[in-house]
Structure formats: C-alpha cells, structure tokens
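Here the structure is laid out as structure tokens; the discussion comes afterwards.
Please treat every number below as a calculation from the coordinates, not as lab data. None of these values were measured; they are calculated from a predicted model. Virtual Cβ from ideal backbone geometry, glycine too; neighbours counted across all protein chains shown.
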Amino acid sequence: MLNYIKNIFRRRYLKRWGSTVATGLVPLDRINSAAILINAEDKNSDDCKEAVLAYFKKKGIKAELFFFDFGKKTDEELQITSLNNTTLKKDLNWCGRPSRDKMMQLRQSDAELFISLIDNGLFPVEYMSVCCRAKFKIGRARVNSNCFDMVIENPPSGEISQKEAFNAIVNFLETIQ
C-alpha cells in the first residue's frame, strides 16, 4: 500500500516539476554547457570526474558536476565531494524526491546537455533527469518517464564503469553532426 501511495506522489512530482523543454540530439558544436550526474559511491568516481572535466575543458564547454552519495559514512570516512552539489540520502523526502534546494540548483543551471552516469533507474535519478531543462539528455538506464534521448546500457558481458560509459558517450557525441 505504501509503495502505491509513493508512486502516486512520484508521478505528481514528475508532472509538476518536469521540464517542458523539447529535447533531441544536438551536435557538440552547439553545446555551451553541460550538467553531469555522477555516483559518488563508486570507488572510481574521482577518475570519472577528472575525465569529464578534462574533456569538457578541452572542448570549451562549461561543465557542472552533481553527485549522488547515498552510502552510509562512518566517523572515519570523509565526504569527498562538495555538499553544495551532492545529494545525500538525508536530502531525500519520504518518497525519494531530492530536496528543493538540490533540485533548483540543477534546474537553474543553463546546461544544454545533461548526462547521468548513474547506472540505475531509481526515482531520485529519474527525478533529477526529468527536471533538468537541457536540450539533450543522456542516461545509463531506462527510466519510466523516457526522458533520455540516448541511453548507454551495460553490455550483456558485464557492468562498465562510469568512466567507460562516459568514454562511450564521448565517442557518440563526436559523431553527431
């Protein structure tokens, strides 16, 4: 019963806060800014972050990084990402919606390209993806709202890292004219 009620609220949130910007494939030379969603729980997230920043710097595209970190931290572990652009488990409400501050930070960014490097279709990822006002959206997992213009899924042979997925996305972006 609780899941049924959660899903009602989730659909309402997506409808109310979802972007109305038309999306589709956009050539890289027409993109001035990008928003990238990274899973900070991944042990190789720093490598991925560096690769993303280096690529967009080389292309002259302003990149904003946003992180999801739902892992539990012990007293010895430190938060390695900025709390301003990191969504923690405590930032989610009872049905999984990120706080308004976190959502508005992404929504107000002027990103023309949105890339989610998180390989699950959980509601917080779907919500942030739907709310982003980017013209071109790329994800790693299909979500119920079908908000992504392109999805890079894991191959049948196994899981790929965020950095490998980003490299595959870059290869595709380079071919769009």
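D47 sits among other residues whose Cβ lies under 15 Å from its own Cβ, and their net charge, with Lys and Arg +1 and Asp and Glu -1, is -2.
Going through the cross-link list K15/K59; K6/K137; K6/K58; K59/K90; K15/K58, which pairs have a Cα-Cα distance over 32 Å in this structure?
K15/K59; K6/K58; K59/K90; K15/K58
Would you mind checking segment 108-139 for residues with the amide N under 18 Å from a putative spin-label position 7 Å along Cα→C-beta of E41? Of the residues in segment 108-139, 116-129 have backbone N under 18 Å from the label point off E41. For a straight C-alpha distance cut-off of 19 angstrom, the aspartates and glutamates reachable from K57 (same-chain residues fewer than eight places away being disregarded) are D29, D46, D47, D110, E112, E164, E174. In terms of packing, defined here as the mean over residues of other Cβ atoms within 10 angstrom, the peptides 55-61, 18-24 line up highest first as 55-61, 18-24. Percent of C-alpha pairs per 10 Å bin in segment 114-177, short distances first: 22, 54, 23, 1. A compact globular protein would have a Cα radius of gyration near 2.2 N^0.38 Å; the ratio found for segment 23-170 is 0.99. Relative to the current alpha-carbon distance between K72 and L2, full extension at 0.36 nm per residue lengthens the span by 22.8 nm. Rounded to the nearest whole Hz, the Karplus-based 3J(HN,Hα) values (6.51 cos²θ - 1.76 cosθ + 1.60, θ = phi - 60°) of segment 28-45 follow the sequence 4, 6, 9, 9, 9, 8, 9, 10, 10, 9, 10, 7, 6, 6, 5, 5, 9, 5, with x at glycine and proline. When peptides 118-131, 148-161, 28-41 are ranked by their average number of other Cβ atoms within 10 Å per residue, the highest-first order is 118-131, 28-41, 148-161.
Per-residue ellipticity at 222 nm from helix content only, as computed over the chain with -39500 (n - 2.57) for each DSSP H run of at least four residues, stands at -11000 deg cm²/dmol.
K90 to Q177: FRET efficiency via 1/(1 + (r/R0)^6), r the Cβ-Cβ distance, R0 35 Å, to the nearest 0.05? Efficiency, rounded to the nearest 0.05: 0.20.
Report the extension gain between S161 and R100 in nm, rounded to one decimal, defined as 0.36 nm multiplied by the number of residues separating them, less their alpha carbon distance. Let's see the in-between values first.
Values: separation 61, 0.36 × 61 = 21.96 nm, distance 2.94 nm.
Length gained, S161 through R100: 19.0 nm.
Full extension of the chain segment joining R16 with A168 gains 51.4 nm, where the gain is 0.36 nm per residue of separation less the Cα-Cα distance. Looking at segment 51-177 alone, DSSP beta bridges between its own residues are antiparallel in about 10 percent of cases.
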